[in-house]
Amino acid sequence: MLQRNNRWPAPVLGMMLYTLVFIFAHHFWAVAAEQAMRGQPELLLFLLPGMLMALLQPDSPLVSTLWVAVVGTLLGMAWMWLTVTQMHSWLLIVAWSLSALFWAGCGALLVRLMRIMLAMRAE
């Protein structure tokens, strides 16, 4: 009997989580922008999808995280373009999206670092 290839659930789960975080964080950013809040701590939420992808794809944590983040960003931007009437300038959204990619990659690298440290401690 042929064995099924079950590599698709991890990227789909990662894209769903990343897209949800993208929509939530962008909504928080849009609401907080009216209140003169300094900084954008909601970008730290993007560590979660990066950490999840690094745990689900241990062979290539950073590459899989970045692919999921790019597709999740496109899905999140498409969803917001269809639902949100007032959007910020495209240049600002691209810069914010690149920050989200950076934090997702940091989440993946954080899991990688923890694995290396645990492996060194076990020796």
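The values are calculated or read from the model by the stated rules, or taken from the named source; none is laboratory data. Being a predicted model, the structure only gives us computed values, none of them experimental. Don't worry about glycine lacking a Cβ; one is built from the backbone with ideal geometry, like all the others, and counts go over all protein chains shown. Please note that ligands, DNA and RNA were not included when accessible areas were found on the heavy atoms of the full protein model with its side chains. Shrake-Rupley method; radii C 1.70, N 1.55, O 1.52, S 1.80 Å.
Remarks
- Residue in region 1-58 that is modelled with the lowest pLDDT, counting only those that are part of a helix (DSSP H, G or I) and among the aromatic types (Phe, Trp, Tyr): TRP29
- Of all the criteria given as (1) within 16 Å of GLY14 (Cβ to Cβ); (2) out of contact with any Gly (no Cβ under 9 Å at 6 or more places or on another chain), the one not satisfied by MET53 is (2).
- Index of the failed condition, THR65 passing every other in (1) modelled with pLDDT of 90 or more; (2) among the polar types (S, T, N, Q); (3) open to solvent by 80 Å² or more (accessible area, probe 1.4 Å): (3)
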